[in-house]
Every structure is written in structure tokens, then in C-alpha cells.
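Every number here is computed from the coordinates shown, using simple stated rules; none is lab data. This structure is a prediction, so every number in the text was calculated from the model and none was measured. Cβ atoms come from the backbone with ideal geometry, glycine included; neighbour counts cover every protein chain shown.
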Amino acid sequence: MKNFQLQAKILSQTKIKDNYWYCELSAPKVAKNALPGQFINIRVSDNFDPLLRRPISIHGVSGVKIKIFYCVVGKATEILARKKKGEHLDIIGPLGNGFDYRGNIKSKGQTILIAGGMGVAPLVFLAQKMKPSKTLVLIGAKTKKQILCRKEFKELGCIVKFSTDDGSLGFSGRVTDLLKAVLAQGLSSKIFACGPAPMLKAVTRIACENNIDSQLSLEEHMACGIGACLGCVVSTKSGYKRVCKDGPVFSGQELIW
């Protein structure tokens, strides 16, 4: 699988709300080779602090451009958010294994994308590749204000449903409970999910109970991002696997929780 190290020019840097940002980069080689679920590793500073690159999911691709969607949560992302249009970022990508979605384009059943919190980030890129009339997106958050990317999914033509823990928007309860309700209504061909580990564990159980294949993008802290440090291993039925190199996307049936 091809990946490249390059200086990517920042084409736009936009604060969406609170600590959430969109950033568009000119990265022709990455854009040409990227698959939904893959990520780039970004060096945010020329100094040694922070020392490590930061892995961020590819949120979308358009021509020679890639888009990332990130939340400012620490020093590295604070530095990233201060970068301006016209500056350059040292990136490596596309990295990791993405979603295997091609069979679902021709499938007769409905494909479900399920996101918790920032789990929406790689799923927007995946939705770009899917048949929108057969793609149902379930987005979960604690409150209405924390629902992310609803406009993007709707503009792609997807059916979108929401769940909030406090009942302020859509289904009242967890997004996995909404998933159960949806599956009780009809045929679904496959589930693609990204979000916190407890959510993904529940998605796996629900998918298995309904005899539906699932693919999960894991959110793990990464150090090297290329599989060398073994700092992001997870347990699977075929042994320990590296999230950065063997994932971040895994079959739900493969993982051992």
C-alpha cells in the first residue's frame, strides 16, 4: 500500500464551533490513493515539542485536496488550529487499512454507518463512496449541541437519524439502542462504525445477534503510526494486531473485547 511524506499546503482552516475545526490540504498523491478509514500523520511543529506526529482521519477527498476534521484537545491540536491558509504541514499518508465498502455499493440491503462523537470523521469520507439512497447514518452524542456533521451527511443524500443521551434531538438514549430499533424494522447488509470503545463493543454484539457483518474503525492512541513501536495493539482472534498498521478498521467478528 502506497504512502507518501510531503509538505501539504493549507488551503483553508475553518473553526466550525467550540473546539472543532475543518482543514483542507493540497496533497495530490495522498488524495489519489486514500481510502475511507485511512489517516494521515501530521507533524504540527518544526520543534521537538511535541515530539510525535498526530494521526488524524481523512474526512474527505476532492480532486487533489484532502479534508481533515479535528477537535482541539491538547497542545498538538492547539498548534494545528493556529496554522494559517498558505502555510505547509509535513504529513505522511495515507496510512492504515480502510473500510472494505465496495461490495455494499451493489448490495440490495441498507448499509448503516454509526458514529459516536468524533467517530463521524472517517464516516463522511465513507459516505461519499456509498450509494446514498441505501445509506442510513446514525449519529449519537450526549446532547443536541454535540451532534456533528449532520449537514455533510444530508448533503450527500444519506438518510440521517440522531440519538442523544438527554433526548434533546431524535431518539432518546444511546445510539446503539437506536441501532437495535432500526435493525428490528428491516433488511440491513452491513454495519460500519467509528466511536468510543464501549459503543463499538455494543455494535459488535448487536451485529452478531442479527447475523450482520460489521467493520469498526478503532480510536486508539498512536505513537509512531507506522507499526514499529507496538504501542497501539489490540487483541484479535488471530493474535495481537496493530491499530495503525493492521487497522484502524477491523472486522467486528475478529476483535476480542
Original post:
What does the highest-first list of 227-233, 43-49, 88-94 look like by mean Cβ count within 10 Å?
Top reply: 88-94, 227-233, 43-49
**OP:** With springs connecting C-alpha atoms under 10 Å apart, model the chain as a Gaussian network and identify which of 169, 148, 113 has the largest mean-square fluctuation.
**Re:** 169
Subject >> the chain - percent relative contact order, Cα under 8 Å, separation 6 or more >> reply: 17 percent
Original post:
Once fully extended, how much extra length lies between residue 64 and residue 15, figured as 0.36 nm per residue of separation less the alpha-carbon to alpha-carbon distance?
Top reply: 15.4 nm
**OP:** Springs between alpha-carbon atoms under 10 Å, Gaussian network over the chain: tell me which of 161, 201, 145 tops the mean-square fluctuations.
**Re:** 145
Original post:
Mind checking which of 129, 83, 237 has the largest fluctuation in a GNM of the chain, springs on alpha carbons under 10 Å?
Top reply: 237
Subject >> Cα-centred dipole magnitude for segment 1-151, charges only on beta-carbon of K, R (+1) and D, E (-1), debye, nearest 20 >> reply: 600 debye
**OP:** Give me the distance between the Cα centres of segment 145-161 and segment 34-79, rounded to whole Å.
**Re:** 22 Å
Original post:
Any idea how far apart residue 187 and residue 22 come out in nm if each label point goes 7 Å out from Cα toward Cβ?
Top reply: 3.6 nm
Subject >> Residues in segment 6-24 that a label on residue 87 would reach, taking backbone N under 18 Å of a point 7 Å out along Cα→Cβ >> reply: 6-16, 19-24
Original post:
Which value, in debye to the nearest 20, describes the size of the charge dipole of segment 146-239 about its Cα centre when Lys and Arg Cβ atoms bear +1, Asp and Glu Cβ atoms bear -1, and nothing else is charged?
Top reply: 180 debye
